[in-house]
1. In deg cm²/dmol, rounded to 500, what helix-only [θ] at 222 nm does the chain give when every DSSP H run of at least 4 residues adds -39500 (n - 2.57) and the total is split over its residues?
2. Tell me the trypsin sites (Lys or Arg not before Pro) within region 1-102 that lie in a loop according to DSSP and have at most 16 other beta-carbon atoms within 10 Å.
3. Simple spin-label model, 7 Å along Cα-to-Cβ: R221 to T274 in nm?
4. Within 10 Å, at most 16 other Cβ atoms, and a DSSP state outside H, G, I, E, B define an exposed site. Report the longest part of the chain free of exposed chymotrypsin sites (Phe, Trp or Tyr not before Pro).
5. So which GluC sites (Glu not before Pro) in region 152-196 are both in a DSSP loop and have at most 16 other Cβ atoms within 10 Å of their Cβ?
6. How big is the charge dipole of the chain about its Cα centre, in debye rounded to the nearest 20, if each Lys and Arg gets +1 on its Cβ and each Asp and Glu gets -1 on its Cβ?
7. On average, how much area does the Cα convex hull of region 235-312 cover when viewed from any direction, in nm²?
8. Give me S198, S81, S321 ranked fewest to most by other Cβ atoms within 10 Å of their Cβ, as a rough exposure proxy.
Amino acid sequence: MQRIFSGIQPTGIPQLGNYLGAIRNWVALQADHECIFCLVDLHAITVWQDPEALRQQTLAQTAVLLAAGIDPKAHILFNQSAVTAHARLGWIFNCVSRLGWLNRMTQFKDKAGKDRENHSAGLYVYPNLMAADILAYKATRVPVGDDQRQHLELANDIAQKFNHDYGVEFFPAIEALIPPAAARIMSLRDGTKKMSKSDPSAQSRIEMTDDADTIALKIRRAKTDPEPLPTETAGLQDRPEARNLVDIYAALAGITAAEVLARHGGEGFGPFKTALTEVLVQAVVPIAEETRRLLDAPDHLRAVLRDGAGRAAEIAEPIVSEAERLVGFLK
């Protein structure tokens, strides 16, 4: 059974895009992989976080993951900062990775924009820490979206250079595990922008803690256009808001966009939004209700993370200790 490592930042409330793009896939991967799931709080502080908010959001993210179906007994769920092996191997990889490699990372350029000189050094080198997250467990598979594929290629470059520099075959090659046809979920207020938990407007997203009334209100207010839904997918071209609502329906119902239009093509957005709301409520509300129940038991959530961190450390500690020995650290 191959070992998977995957992480998610514990910032903000997980939204529908996080669920469809990552969390739902994690739940499915548990059936035939050894899974290590991590709340990457070290990555979170590459931009400033309010300390108390970060602690609370770590617990909230844990609750959502458990409510969605992550099994912390059969697999491992923990917060990154609780296992020191990540930071130790991350520093070694800072010294293995080359500046030229990091300069090619497009995500830093996108996030930093023109103000790159004022961003943290952590944001610049975080792909090295991401490599350490994976290789501290010698994980061989990582589920990633397109925005992280370049970082996974860097992780393989780092592993190969480490092996070459120290004359060993120590770190394995990592395979990108691309989720099956994951829909790209866009903002409910602007179909050209990705749905984001950091968007100032909560009306732009479906949060995984929303109740049925909140979901219905957000969908009623979702931006559309004056035309009815087309009967063919070609008719969604240049209609980003219509495409987004159709894609959300298709992803949740487990059907194609063409099948959605076969059911609802020709309808106005009023009836379609009612049907979409029903699908969303069926998928989101059970998770939201279980999340709220778990948040009323913070000691249980902390215990889950503590247990996961202990089991994660049992795997990572001998691997990272051997990496430290290989580079010449005196123990």
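FYI, it's all coordinate maths here, none of it is from the lab. Bear in mind that the values here come from a model prediction, so they are computed numbers and not experimental data. Cβ placement follows ideal geometry from the backbone for every residue including glycine, while neighbour counts extend to all protein chains displayed.
1. On the way: 13 runs with 173 residues, N = 331.
Mean residue ellipticity at 222 nm (helix-derived): -16500 deg cm²/dmol.
2. Numbers: sites: R3, R24, R55, K73, R88, R98; in loops: K73, R98.
Taking region 1-102 and a limit of 16 other Cβ atoms within 10 Å, the loop trypsin sites (Lys or Arg not before Pro) found are K73, R98.
3. Distance between label points: 2.2 nm.
4. Numbers: sites that count: W48, Y166, F170, F329.
Longest stretch, sites excluded: 171-328.
5. Details: sites: E153, E169, E175; in loops: E169.
Within region 152-196, the qualifying GluC sites (Glu not before Pro) (loop, at most 16 other Cβ atoms within 10 Å) are E169.
6. Its charge dipole is roughly 480 debye.
7. On the way: hull surface 31.2 nm².
Over every viewing direction, the Cα hull of region 235-312 projects on average to 7.8 nm².
8. Numbers: S198 9, S81 18, S321 14.
With the sparsest Cβ surroundings first, the list reads S198, S321, S81.
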